[in-house]
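S.K.: Structure incoming, see below.
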Amino acid sequence: MKVLPALDGGRRIAAGRQGELAPELLHGMFRLRHEVFRVRLGWDVESRDGMERDVYDDLHPYYVILHDGPGNVLGCCRLLPTAGRYMLGEVPAFRAALGERPPPRDRRVWEISRMAVLNDGAPPAKGIGDLAAALTVRAARAVEAAGGDTLLALVTLGLARKIRAHDVPVTPLAPPARIADLTCQAITMPTGVWRSP
């Protein structure tokens, strides 16, 4: 497990695969995902005992978990290389965001998914919040360490605008698509532009 130096307020980032992370961090991550995706957003996701997991968690993904103590998870995301199985490449509802384009299959491109962040106060005036930015920076470093150079994400149009506000070059893969009640777009962004302040 790799832990970065403490962030503001004793926050830390742990990153690794399932066997490399403390069980209480993993349980906290799955509980946060349940809270964000099932409870807050009302998505039809698989949850059991207050924890959200899906088949992609069985594919040995790399996780980035922001926490301020054992089991007290504040944010998380999951990384999978597009050379193998991943959500955007397989879930029919998400494939709509690719239009007629085939899903990326490239060992240098990694899908970032299941990003969940606790609401930690007022939204930023510009860009994404500090927790989401910290998670994305650490995710970008993990992808680079694995030989990758690009993040692939399915985001709302509002989130895409917030990412661009950080001067991150965002490349849409297809026109926006309606997924559930949201207008979303599949985007790629280079890992090298995500740096710690």
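No value in this document is a laboratory result; all are computed from the given coordinates. Every value quoted in this text rests on a predicted model; they were computed, and no experiment measured them. Reconstructed Cβ throughout: ideal geometry from the backbone, glycine too, with neighbour counts over all protein chains shown.
S.K.: Which residue, 85, 101, 164, tops the fluctuation ranking in a GNM of the chain built on C-alpha contacts under 10 Å?
M.R.: Highest fluctuation of the listed residues: 101.
S.K.: Which of 82, 42, 115 sits closest to the plus end of the dipole of the stretch 2-193, meaning its Cα is farthest towards the positive end, when Lys and Arg get +1 and Asp and Glu get -1 on the C-beta?
M.R.: With unit charges placed on the Cβ atoms, the residue in question is 82.
S.K.: Per-residue counts of other Cβ atoms within 10 Å, averaged by peptide: what ranking do you get for 9-22, 139-152, highest first?
M.R.: Order by mean packing, descending: 139-152, 9-22.
S.K.: Build a GNM of the chain with springs between Cα atoms under 10 Å: which of 169, 23, 92 gets the top mean-square fluctuation?
M.R.: Among 169, 23, 92, the largest mean-square fluctuation in the Gaussian network model of the chain belongs to 92.
S.K.: Compute, for the stretch 1-103, the length of the dipole vector about the Cα centre, with Cβ point charges of +1 (Lys, Arg) and -1 (Asp, Glu) only. Units Debye, rounded to 20.
M.R.: Approximately 200 debye in magnitude.
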